[in-house]
């Protein structure tokens, strides 16, 4: 198989995995104190793509994941919050990965915090008030914890993929 075919194949598999992880997460009833808090299971696939296939592929698959998830499981409002978080996250993760100063867990943690910050910015814009900024410290702490879990898991996934296909 040539490189383009491999990229397309892996891209489809990772997109499907991210959609399934996101859907499973929606089915798990976890009572979080702040609306919109999630574990970020779909980000395991995105992080693995970032380290296995590359930055451009991770960006495309993340946008595809958010768009398809919103169409299949959500609504237009969900799309705007999700895309803001996803773009903030992937841009930060790509930037930090390129510096080579952070490992996969550090990149994941920064992505988790950036995701929450992006969503808070959209919420401030949509609601027309900056008063919800008070949720950011709790969301950042949650982003750190879930970022560690996603980073460890995403690293394990990326490490177990065939080395010859990179």
Worksheet item: What is the number of the single condition among (1) closer than 19 Å to residue 123 by Cα; (2) part of a helix (DSSP H, G or I) that residue 46 does not meet?
Response: (1)
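Looking at the structure I just gave you, is residue 158 in contact with a helix residue (DSSP H, G or I) (Cβ under 6 Å, 6 or more places away or on another chain), modelled with pLDDT under 90 and buried (at least 17 other Cβ atoms within 10 Å of the Cβ)?
yes
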Worksheet item: When the range 94-116 is examined, which residues are found to be surrounded by fewer than 19 Cβ atoms within 10 Å (Cβ to Cβ) and assigned to a helix (DSSP H, G or I)?
Response: 94, 95, 98, 99, 105, 106
Worksheet item: Can you find a residue in the range 50-70 that is modelled with pLDDT under 90 and either over 19 Å from residue 109 (Cα atoms) or loosely packed, with under 15 Cβ neighbours inside 10 Å (or both)?
Response: no
Discussion item. Tell me yes or no: at least one residue of the range 73-80 is without any contact (Cβ under 8 Å) to a residue 60 or more places away in the chain, closer than 19 Å to residue 22 by Cβ, within 14 Å of the chain's Cα centre (by Cα) and in a helix (DSSP H, G or I).
Written reply: yes
Worksheet item: Which is free of Cβ contacts under 8 Å to residues at least 60 places away in the same chain, closer than 23 Å to residue 20 by Cβ and in a helix (DSSP H, G or I), of 124, 133, 90?
Response: 90
Worksheet entry | Residue count for the range 49-72, restricted to those that are assigned to a helix (DSSP H, G or I) and farther than 15 Å from residue 18 by Cβ | 2
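The values are calculated or read from the model by the stated rules, or taken from the named source; none is laboratory data. Bear in mind the structure is a predicted one, so any value in this text is a computation, not a measurement. Every residue, glycine among them, receives a Cβ derived from its backbone with ideal geometry; neighbour counts consider all protein chains shown.
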